[in-house]
1. Exactly one condition in (1) more than 21 Å from the chain's Cα centre (by Cα); (2) open to solvent by 50 Å² or more (accessible area, probe 1.4 Å); (3) under 23 Å from Lys345 (Cβ atoms) is not met by Pro230; state its number.
2. Determine which member of the set Ala198, Ala208 is free of Cβ contacts under 8 Å to residues at least 24 places away in the same chain and open to solvent by 10 Å² or more (accessible area, probe 1.4 Å).
3. Kindly provide the set of residues from the range 340-358 that are among the charged types (D, E, K, R) and open to solvent by less than 30 Å² (accessible area, probe 1.4 Å), ordered by number.
4. Yes or no: Asn361 surrounded by 16 or more Cβ atoms within 10 Å (Cβ to Cβ), on the phi > 0 side of the Ramachandran plot and in a loop (DSSP other than H, G, I, E, B)?
5. List the strands (runs of 3 or more DSSP E) inside the range 97-157, counting only whole elements, that have at least 2 residues being touching a residue at least 12 places away in the same chain (Cβ under 8 Å), of a type in the set (A, V, I, L, M) and under 17 Å from Thr377 (Cβ atoms).
6. Go through the range 162-205 and report how many residues are farther than 20 Å from Gly269 by Cβ and either of a type outside the set (A, V, I, L, M, F, W, C) or in a strand (DSSP E or B) (or both).
7. Thr234 is checked against (1) over 30 Å from Leu408 (Cα atoms); (2) out of contact with any Asp or Glu (no Cβ under 9 Å at 6 or more places or on another chain); (3) touching a residue at least 12 places away in the same chain (Cβ under 8 Å) and fails just one. What number does that condition carry?
8. List the residue pairs whose Cβ atoms are under 6 Å apart, where the first residue sits in the range 374-395 and is assigned to a loop (DSSP other than H, G, I, E, B), the second is open to solvent by 40 Å² or more (accessible area, probe 1.4 Å), and the two are 6 or more positions apart or on different chains.
Amino acid sequence: MRVRSAVVVRVTAAVLAAGCLTACAEGAPSAAPDPAAPASTASDRDAAGPRTSAASARTGKSGAPSDTGGQDSGGQASGDRASGGNDRPSAADGHACSPSVSLDRYSDALDKTTFQGTFVGNLSALARDTDGSIAALSDRSVLIGLDGRSHRPVRTTKINDERGAVLDAEGLAVEPGGTYLVSSETEPAVRRYDRSGALLGRLPVPDALRVEPAGRAQANQTFEGLALKPGGSTLTAAMEGQLSGDGKDTAGRPLLRFQTWQRQSGGSGSAPYRLSRQYAYPMDAGLGVSEIAALPDGRLLVLERGFTAGVGNTVRLYLADPRRASDVSGVAKLPGGKGVRAARKKLLADLGACPSLGAPNHQPQANPLLDNIEGMTITGTASGGRLRLLLVSDDNESPKQITRLYALTVRPGGH
């Protein structure tokens with residue numbers, strides 16, 4: 001992602017202490033987290049601002065400087081304690097980032113590697129595949145299959161547009177039948193591909209969401225996130241940035257547009273989806289939406305990400321509820337009238353507050369664990385309604401950045 005602007009704010013440089021899982025993977029003893037140490041609550045962060053990371057500028061393709069190096073960390077979160085909304089994480093819940101999120105482990109095993117002559121990097125999206133593997137999308141127009149357990153590459157598939165050109169591929173979803181849905185932020189577009197990478201079709205896109213001058217979107221600020229609701233009925237694409245002319249909500253947060261499609265009953269054509277609702281999402285100032293993941297009940301996990309030169313990355317995980325949001329497909333300029341409701345969101349964690357686990361970096365970071373995180377997928381469930389989440393950072397093929405996988409356990413709560 002290219003840096004478009006820099007927003008510098010006060011940085012709280014408190015990074016939680018934790019044992020080094022990287023050292024454990026190499027046979028060195030680990031220092032366990034202090035179970036008595038209090039974790040910050042959501043209300044604490046709302047009052048005082050997120051800890052250990054800086055609000056930052058949206059990032060673009062050339063990439064912001066970030067971490068390099070590091071080894072695979074092998075620790076697993078233990079315990080499946082189901083708890084109420086006010087319970088605080090303990091050592092039994094893994095390495096606490098917040099009351100709702102724990103970091104299980106990270107891995108740098110994919111960094112600067114190749115598989116069958118293909119560079120394994122530039123990863124902008126993840127999706128759980130129908131065969132149990134993880135589909136990873138390179139923004140250099142390559143699908144890379146990762147083993148579902150080891151996350152090692154097992155296959156690569158090249159994809160192209162209608163003219164045979166490479167895509168600026170950013171979002172990925174897998175249909176129940178195994179077909180791939182890939183968003184490109186150049187036009188923007190959402191295309192369907194079969195398992196061999198053959199192009200099947202292209203979904204309709206509202207004119208206003210196209211890049212200026214055809215529409216009102218900014219270049220490199222369109223369909224960054226893509227998510228298919230379990231079962232395959234509803235597809236959602238998240239704009240990374242605002243349309244020109246759209247404004248802010250009453251809290252001063254820029255309003256983005258999320259576009260949805262509904263799969264047509266019995267649809268079997270090249271693009272069996274019709275345009276459906278569009279709703280507004282309130283984004284944190286200075287950040288951009290980098291990925292979304294769909295929950296069965298219609299809610300979304302939303303990853304907001306940014307970068308400030310000399311400070312590092314900001315990455316925040318939100319739970320968004322669009323179910324009672326207004327359809328803004330006919331609203332020319334947001335926020336619209338008094339009756340227009342945006343999606344609601346709740347902060348689950350500022351990932352800058354996660355323990356660093358001894359992660360290395362070669363560039364300034366408030367938390368050296370962080371990098372340019374762009375991909376996210378739900379890989380499974382745990383007891384108590386918790387979700388297993390896998391994230392990946394985009395190294396932009398830069399020696400100063402890293403391809404890093406993050407395994408998290410998330411308790412979204414509610415219904």
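1. Here Pro230 clears every test but (1).
2. Step by step, each of Ala198, Ala208 is checked, and only Ala198 is free of Cβ contacts under 8 Å to residues at least 24 places away in the same chain and open to solvent by 10 Å² or more (accessible area, probe 1.4 Å).
3. Asp350
4. No, not satisfied.
5. On the way: elements: 101-107, 113-115, 118-120, 123-128, 134-138, 142-146.
Passing ranges, in order: 101-107, 123-128, 134-138, 142-146.
6. Count: 12.
7. (1)
8. These pairs meet every condition: Ala382/Asp80.
The values are calculated or read from the model by the stated rules, or taken from the named source; none is laboratory data. Please read these numbers as outputs of a predicted model, since none were measured by experiment. Positions of Cβ are backbone-derived with ideal geometry, glycine not excepted, and every protein chain shown enters the neighbour counts. Remember, those area values only see protein heavy atoms, side chains included, never the ligands or the DNA or RNA. Shrake-Rupley method; radii C 1.70, N 1.55, O 1.52, S 1.80 Å.
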